[in-house]
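Report on one structure; see the data block that follows.
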Amino acid sequence: AQSVTQLGSHVSVSEGALVLLRCNYSSSVPPYLFWYVQYPNQGLQLLLKYTSAATLVKGINGFEAEFKKSETSFHLTKPSAHMSDAAEYFCAVSPMDSSYKLIFGSGTRLLVRP
Amino acid sequence: EAGVTQFPSHSVIEKGQTVTLRCDPISGHDNLYWYRRVMGKEIKFLLHFVKESKQDESGMPNNRFLAERTGGTYSTLKVQPAELEDSGVYFCASSQVSGRGGYTFGSGTRLTVV
């Protein structure tokens, strides 16, 4: 069964610092990959998705993620953190054999220090 | 365009009681999904509707959970009788086409069973 691992349940950065949230997936075939964000008291919002068109994917709010097949990774980055980026971030995979499903990682809560 | 709406936003019930959660998808979205996040763990798939038909309910925990989507519009998820381990956040999502993520999620219903 496919799985998604997010390293670090909490990540703390200073405002203006690089944001790096890690995600690794287990799959013999590159699946579709996603990053979702949940701001306080809101639903899950799609940040970006990888659909095999390009390995570097740009999303909303200045975030981007790079698909690395050799490392089975899809880490999320942002060059400069803003206070408004404080939220919980979820990496997810859509299995090839049941593409309507999303399999989520356990989430990483991003804290941004002034 | 209105988003995915879930009612109630919070519910606190006693063990053994019945609770019904409701999800109103985006108008015109044939695909509706229920997910659940328990105790800060992964968000897990519960089931998938296409219009009024259940396409996959493999994620439903047990027969205390019943999902319906009469008429292919809004959906309800009933838990009867509720147990302590049912506490968590229940998310609903909808999409026009099935597969490959990118769904629109609601804000979730936080269910607490005491």
> Which GluC sites (Glu not before Pro) does region B:66-102 hold that lie in a coil by DSSP with at most 15 other beta carbons within 10 Å?
Replying inline: B:83
>> Can you sort A:47, A:20 from fewest to most other Cβ atoms within 10 Å of each residue's own Cβ?
In response: A:20, A:47
> Which FRET efficiency value, to the nearest 0.05, do you get for residue A:15 and residue A:96 by plugging their Cβ-Cβ distance into 1/(1 + (r/R0)^6) with R0 = 35 Å?
Replying inline: 0.30
> What list do you get for B:10, B:48 if you sort them by fewest beta carbons within 10 Å?
Replying inline: B:10, B:48
> If you place +1 on the Cβ of every Lys and Arg and -1 on the Cβ of every Asp and Glu, how big does the dipole about the Cα centre of chain A come out, in debye to the nearest 20?
Replying inline: 40 debye
> Amide H of residue B:98: which non-local residues (sequence gap of 5 or more, or other chain) have their own amide H closer than 5 Å, using H built in the peptide plane?
Replying inline: none
> Which of the lysines could be linked to residue A:69 by a straight reach, that is with a Cα gap under 16 Å, when you skip same-chain ones fewer than 8 residues away?
Replying inline: A:49
> Over all residues in B:56-62, what is the mean tally of Cβ atoms on other chains that come within 10 Å of each residue's Cβ?
Replying inline: 1
> Once phi is turned into θ = phi - 60°, what whole-Hz ³J(HN,Hα) does the Karplus curve with 6.51, -1.76 and 1.60 give for every residue of region B:45-50, x standing for Gly and Pro?
Replying inline: 5, 9, 7, 9, 9, 10
> Mind listing the phi-derived Karplus ³J(HN,Hα) values for region A:47-58, rounded to whole Hz, using 6.51, -1.76 and 1.60 with θ = phi - 60°, and x for any glycine or proline?
Replying inline: 8, 6, 8, 9, 10, 6, 6, 8, 6, 9, 10, 9
> Efficiency by 1/(1 + (r/R0)^6): what FRET value for residue B:39 and residue A:53, r their Cβ-Cβ distance, R0 = 45 Å, to the nearest 0.05?
Replying inline: 0.80
>> Just to verify a number: FRET efficiency for residue A:82 and residue A:106, C-beta to C-beta distance, R0 = 22 Å, to 0.05?
In response: 0.35
> Of all trypsin sites (Lys or Arg not before Pro) in region B:56-113, which ones are in loop regions per DSSP and have a Cβ with at most 16 other Cβ atoms within 10 Å?
Replying inline: B:64, B:100
>> Residue by residue through region A:84-101, what is 3J(HN,Hα) from phi via Karplus (6.51 cos²θ - 1.76 cosθ + 1.60, θ = phi - 60°)? Round to whole Hz and write x for glycine and proline.
In response: 6, 7, 4, 5, 10, 10, 10, 8, 9, 10, 10, x, 5, 8, 8, 5, 7, 8
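The numbers here are math on the coordinates, done by the rules we state, and not lab data. From a predicted model like this one, the values you see are computed outputs, not experimental measurements. All Cβ positions, even for glycine, are placed from backbone atoms using ideal geometry, and neighbour counts span all protein chains on display.
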